[in-house]
């Protein structure tokens, strides 16, 4: 597998910093996500992984540094603007429209992606293609039977899949998954892993995870973050063998 | 899932905006009321105008989720605009109506741009402050508004040059009803359009809306402006059909009252205003003959009880009953 | 206007504005703490102030109780009555929709207006400060109304006591912790429900004190809670939630500007106050001393 250094990375951060007063959650992070990547971001609790995702997605404003999407600088753009440039994310704790149906949740995302979500007067039902596209996504992820049920009535593991479906509805070129298996009973996490494995090959994927089995199964490249700084980066075997990484995880409860 | 099942789910979803027979009920009742209560048409016209006001407030509160304590600002500015025109030679009610809507929209857009970037307590405070500010301005600019005495010398002409207002309220009733129908069609279309659905998304989870690329501020500003225009139109209706405009049209009291009315009917269900407003106004009309002091007490108590026990209002209770009866089958 | 007349006018404005500010502060500080602590929008806070005023004036006029006792009586009575109110009416709505909180408390305000009118009639309650606090006090360069001077002094004393209470006692420390981060505070073993009840009672008691002591400036009538709601909210919003310093600064700004504007530019009334409030809230949406 050739390293795609010649091609421009799908996502890049240069000297990205973020501090809250004395607390530095991101310290000169230089990060590159190649096109079609399967990249994992790991680190102990409080390392700043979710903050990194928030910085990249625009939910958090950087103190300094640059963020680039497909070579274009997006550091000063809002969340919504970055989404329009092809960036999508999921949340560690589901952020869904709990009172709305599963189908409606995904339709909202698909509608935004098509640019028709702001249509003032023609009924949403008339845009059948949008609804069908959303429905197809549900089928793809195996949750189509819950289509008309309100999200809050759906099992949590399946809600996590809805969360992914919503992100996929945006047709992203870069997808950030924040602990996709978090909170899911171990019996159901297999489905989520399968779904992630079936994602399009040209999608650049960054996964934050604590579950090492999941990481080693899915990732072709791993970055280790400790206290807001990148400790090391490389292919899974190199990371597994690195004594510094094991040291950093000593004292952390091992995932079985 | 078979193609037939998939088609069924998509169909059900796509058909939500179709007119249902039950939706004709409020209009049939309104028409019946014309014949059943010929002596109460003046009150009826006021109720209809307030339903329009309530509908506008529901768009902002029930759909966009903006808690506002100052919606009367737009209503009152609309009323004063229509009243001012009528007192200065522009007698045509329709011109007054359009001007009032435009005024409402302008104030809505201006205050929205300033207010909607904040959230929580700040929005609540700022909507309140805008309303109080406008009331204070109206109070002091006596040359334009008549101050505490109210606008004097309104001369309202006939609608389209054909139907003039009389003390029995015939013209007033149909005039208000037609304007309400127009407003309702607009509100209904908005709610069922992708725009309306995205508002529901903003209300349910604004974090998610940002994360799917939705221009949240722009959507909120749009609905705020449209709602303000509708409220301004309602203000014009009241001004034109009663021939009076006084400071209470800009009061926080009125802003609070319209909230109460739509809560009683049920917020965010499009028809809450149609139920809550007549209920409140008819009850108030009856009660104020008996004792206005008691009215304040009971409406306060009802409000507390509704919040604690029946947050969905009348429509919410109806929905719950229907759900319970279908589950038993 | 001559220089000395202008100076005199400014001194008057500063004096009366400060007295007004003290009343506003006493009533509103409780609201700031409970809003910051429980995140609860309590539009009915003014009712506690009015209740304190009604208790005090009734004790004084109908039962001849002397002023200090009547004031204390009203304060304590309201603080005690606030406890079951918090427990049964407010607590179920912590964490509820903002709209629900607004409506429930609005309902309480409506009820209080009716109750006030029913028991005491629509007119303002008469209030006669005791003889040792009436008249004028002579400070050499000019005289000042004695009662208002008393207001200013008591206000200053109470602010200091509050500040000391918040900064130096364990109770105060717990409140500060819970305002900062409720869940953290709970996990450290702070009994937040008991804390909330006590803070609510304290805040309501302070409001009652403010209502009673301020009866000379803000008359006690059935519509009290509604009439002055906007000003109480302005003090809290501009000052910043969950602090006791913020509302003090905001109350001083509001009290002095309001008095000043009404004296110098009466044609505009409170218009500039509202405009200024908008400007401040847009610049600092969480208030001057609110937390980010």
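Inverting the mean 1/r over all pairs of different Cα atoms, compute the Kirkwood radius of chain B and quote it in Å.
Averaging 1/r across every pair of different Cα atoms and inverting gives 20.7 Å.
Which parts of region A:130-169 would a label at residue B:11 reach, counting a residue when its backbone N lies under 20 Å from a point 7 Å out along Cα-to-Cβ?
Flagged as within label range: A:130-136, A:139, A:144-149.
Give the angle, between 0 and 90 degrees and rounded to the nearest 10, that separates the Cα long axis of helix B:121-140 from the longest principal axis of the Cα atoms of chain B.
Here the helix axis deviates by roughly 20 degrees.
Taking every residue in C:32-45, how many Cβ atoms of other protein chains lie within 10 Å of its Cβ, on average?
The shielding value for this peptide is 1.
Work the Kirkwood hydrodynamic radius out for region C:20-82: mean of 1/r over every pair of different alpha-carbon atoms, inverted, in Å.
Mean inverse Cα-Cα distance, inverted, gives 12.5 Å.
For a quick check: sort A:39, C:45, B:88, A:114 by the number of other beta carbons within 10 angstrom, fewest at the front.
By the 10 Å Cβ count, ascending, the order reads B:88, A:114, A:39, C:45.
When only Cα pairs under 8 Å and 6 or more residues apart are kept, what is the percent relative contact order across region C:8-81? All intermediate terms of the calculation are to be shown ahead of the outcome.
Details: 31 pairs, mean separation 16.2, N = 74.
Value for region C:8-81: 22 percent.
Among C:22, C:60, which comes first, then next, by fewest other beta-carbon atoms within 10 Å?
The order, fewest Cβ neighbours first, is C:60, C:22.
So which residue, out of B:317, B:29, B:59, gets the largest mean-square fluctuation from a GNM of chain B using Cα contacts under 10 Å as springs?
B:29
Could you give the nm distance between label points at residue A:126 and residue C:284, where each point is 7 Å from its Cα heading toward the beta carbon?
Roughly 5.0 nm, to one decimal.
With runs of 4+ DSSP H residues as the only contributors, calculate the mean residue ellipticity of the protein assembly as shown at 222 nm using -39,500 (n - 2.57) per run, divided by the residue total and rounded to the nearest 500.
Theoretical 222 nm ellipticity from helices: -19500 deg cm²/dmol.
Calculate, for residue B:185 and residue A:136, the FRET efficiency according to 1/(1 + (r/R0)^6) with r their C-beta to C-beta distance and R0 41 Å; round to the nearest 0.05.
It comes to 0.75.
Taking a temperature of 37 °C and a viscosity of 0.692 mPa s, what whole-number D in µm²/s does Stokes-Einstein yield for region A:90-170 with Rh from Kirkwood over alpha carbon pairs? If you can, show how the numbers build up before the last one.
Working: Rh = 12.5 Å.
It diffuses with D of about 263 µm²/s by this estimate.
Normalised by the empirical 2.2 N^0.38 Å for globular proteins, what value does the Cα Rg of chain A take? Display every interim value, and only then the final one.
Values: Rg = 18.5 Å, N = 256, 2.2 N^0.38 = 18.1 Å.
Compared with the compact-globule rule of thumb, chain A sits at 1.02.
If you project the alpha carbons of the protein assembly as shown onto their three principal axes, what span does each projection cover, largest first, in Å?
Taking the Cα atoms of the protein assembly as shown, the three principal extents are 92, 74, 60 Å.
Could you order peptides C:74-85, A:22-33, B:74-85 by the average number of other Cβ atoms within 10 Å of their residues, highest first?
Working: C:74-85: 19.3, A:22-33: 17.6, B:74-85: 30.1.
Ranked from most to least packed, the peptides come out as B:74-85, C:74-85, A:22-33.
When ranked by the protection proxy of mean other Cβ atoms within 10 Å per residue, highest first, what sequence do the peptides B:114-122, B:205-213 form?
Going by the mean number of other Cβ atoms within 10 Å, highest first, we get B:205-213, B:114-122.
If R₀ is 25 angstrom, what is the calculated FRET efficiency for the pair residue A:98 and residue B:323, using the beta carbon separation as r and rounding to 0.05?
0.90
Per-residue mean of other chain beta-carbon atoms within 10 angstrom of the beta-carbon, peptide B:288-300?
Values: counts 0, 0, 0, 2, 2, 8, 3, 2, 11, 8, 3, 5, 12.
Per residue, the number of nearby Cβ atoms from other chains is 4 on average.
At R0 = 30 Å, how high is the FRET efficiency between residue B:287 and residue C:170 if r is their beta carbon distance? Nearest 0.05 is fine.
Once the sixth-power term is evaluated, E becomes 0.05.
Taking a temperature of 10 °C and a viscosity of 1.306 mPa s, what whole-number D in µm²/s does Stokes-Einstein yield for chain C with Rh from Kirkwood over alpha carbon pairs?
Values: Rh = 19.6 Å.
Calculated translational D: 81 µm²/s.
Where the eigenvalues come from the Cα gyration tensor of region C:134-238, what are the semi-axes √(5λ) of the equivalent ellipsoid, largest first, in whole Å?
On the way: eigenvalues 231, 68, 25 Å².
Gyration-tensor ellipsoid for region C:134-238: 34, 18, 11 Å.
How far is helix B:41-58 tilted off the main Cα axis of chain B, in degrees rounded to 10, range 0 to 90?
Compared with the principal axis, the helix lies near 50 degrees.
What is the angle, in °, between the Cα long axis of helix A:128-140 and the longest principal axis of the Cα atoms in chain A? Nearest 10 is fine, range 0 to 90.
Approximately 50 degrees, to the nearest ten.
Calculate the mean, over all residues of peptide B:126-133, of how many other protein chain Cβ atoms lie within 10 angstrom of the residue's Cβ.
6
Tell me, A:13, C:160, B:225 in order of fewest to most beta-carbon neighbours within 10 Å?
The fewest-first ordering by Cβ neighbours comes to C:160, B:225, A:13.
Relative contact order, percent, of chain C when contacts are C-alpha pairs under 8 Å separated by at least 6 residues?
37 percent
Coordinate-derived values only; no laboratory data. Keep in mind that what you see is a predicted model, and the values were worked out from it rather than measured. Positions of Cβ are generated from backbone atoms using ideal geometry, with glycine treated the same way; all protein chains shown enter the neighbour counts.
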